[in-house]
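Engineer: Pasting in a structure now, in structure tokens, and then I'll have a few things to ask.
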């Protein structure tokens with residue numbers, strides 16, 4: 001016996017199918033235009049590629065240096081480190097990479113996540129140094145170059161970054177504050193076609209708030225600061 005509601009359902013079936021089709025298309029649009037996820041993925045890919053570049057450029061000085069966010073020993077649990085070089089005693093050199101690549105829609109600046117990044121760096125340094133006090137830790141923090149020109153009527157995003165991260169560096173020896181890095185550079189990368197990719201870095205070692213920004217350094221200066229810090233800590237002479 002035919003269903004008593006078959007005719008009703010049949011009449012409405014085109015509408016049901018249209019709703020299902022629209023729902024599927026809408027889900028694909030959400031996935032395609034999930035800007036937050038795409039920003040996060042971009043930042044992760046940039047950090048990964050920078051880690052490979054650093055490891056490649058330091059490979060003569062540090063054979064078997066590794067790139068890629070893998071775990072290194074921490075005091076409570078393994079900590080992810082972007083670049084790692086191990087000695088026979090444990091972690092000898094670890095490098096953390098943080099990037100702030102997109103302006104916050106509300107403020108139009110790059111400052112929204114700086115405190116979060118600082119807390120992440122603090123936790124990384126403290127956990128690693130507590131477990132391996134002799135390890136030399138470096139950090140590289142990058143933003144687009146317009147971070148030098150935003151903040152009309154106030155501090156630019158770069159100026160804010162210098163003040164936030166200056167207290168995350170300054171560990172001169174293995175008895176120094178565990179939550180600080182031995183090397184920390186903050187800088188910007190150019191995105192205009194004429195100077196695309198050009199870096200302007202600042203070494204925050206010894207810099208105090210209120211002073212003029214530290215002198216502009218380049219990529220080779222960052223690499224050399226890492227080598228020099230390692231040489232001082234382990235009393236060795238590295239190949240260049």
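FYI, it's all coordinate maths here, none of it is from the lab. From a predicted model like this one, the values you see are computed outputs, not experimental measurements. We place every Cβ from the backbone using ideal geometry, glycine too, and count neighbours over all the protein chains shown.
Engineer: Between the alpha-carbon centers of segment 161-206 and segment 8-72, tell me the distance in whole angstrom.
Structural biologist: When both Cα centres are located, 28 Å separates them.
Engineer: Restricting to Cα pairs below 8 Å that are 6+ residues apart, what does the relative contact order work out to for segment 34-234? Please round to a whole percent. Don't skip to the answer; put the middle values down first.
Structural biologist: Values: 363 pairs, mean separation 32.8, N = 201.
Answer for segment 34-234 is 16 percent.
Engineer: Can I ask one more? Using only Cα atoms, find the angle between the long axis of helix 219-234 and the longest principal axis of the chain, and express it within 0 to 90 degrees, rounded to the nearest 10.
Structural biologist: 60 degrees
Engineer: Taking the 0 to 90 degree range and rounding to the nearest ten, how far is the long axis of helix 35-57 tilted relative to the main principal axis of the chain, both from C-alpha atoms?
Structural biologist: Compared with the principal axis, the helix lies near 30 degrees.
Engineer: Using a simple spin-label model with points 7 Å from Cα along the Cα→Cβ vector, what separation in nm is obtained for residue 89 and residue 46?
Structural biologist: Distance between the two pseudo-spin positions: 3.6 nm.
Engineer: Could I ask something else about it? Nearest 10 degrees, 0 to 90: what angle lies between the long axis of helix 114-131 and the longest principal axis of the chain (Cα atoms)?
Structural biologist: Compared with the principal axis, the helix lies near 60 degrees.
Engineer: Could you line up 234, 26, 222 from fewest to most neighbouring Cβ atoms inside 10 Å?
Structural biologist: Details: 234 15, 26 10, 222 21.
Listed from fewest to most nearby Cβ atoms, that is 26, 234, 222.
Engineer: Right, here's the next one. How big is the C-alpha Rg of the chain next to the rule-of-thumb value 2.2 N^0.38 Å, as a ratio?
Structural biologist: Numbers: Rg = 24.2 Å, N = 240, 2.2 N^0.38 = 17.7 Å.
The value comes to 1.37.
Engineer: Just from its helices, what would the mean residue ellipticity at 222 nm be for the chain, if runs of 4 or more DSSP H residues each count -39500 (n - 2.57) and the sum is divided by every residue, rounded to the nearest 500 deg cm²/dmol?
Structural biologist: Numbers: 5 runs with 93 residues, N = 240.
One gets -13000 deg cm²/dmol as the mean residue ellipticity at 222 nm.
Engineer: Expressed as a rounded percentage, what relative contact order does segment 186-234 have, with Cα pairs under 8 Å and six or more residues apart? Each step should come with its number before you reach the end.
Structural biologist: On the way: 42 pairs, mean separation 12.8, N = 49.
Averaging sequence separation for qualifying contacts and normalising by length gives 26 percent for segment 186-234.
Engineer: Testing the spin-label approximation: label points 7 Å from Cα along Cα→Cβ at residue 208 and residue 235. State their distance in nm.
Structural biologist: It is 3.3 nm.
Engineer: For segment 1-150, what relative contact order do you get, as a whole percent, if you take Cα pairs closer than 8 Å and at least 6 residues apart? If you can, show how the numbers build up before the last one.
Structural biologist: Numbers: 167 pairs, mean separation 28.9, N = 150.
Relative contact order comes out at 19 percent.
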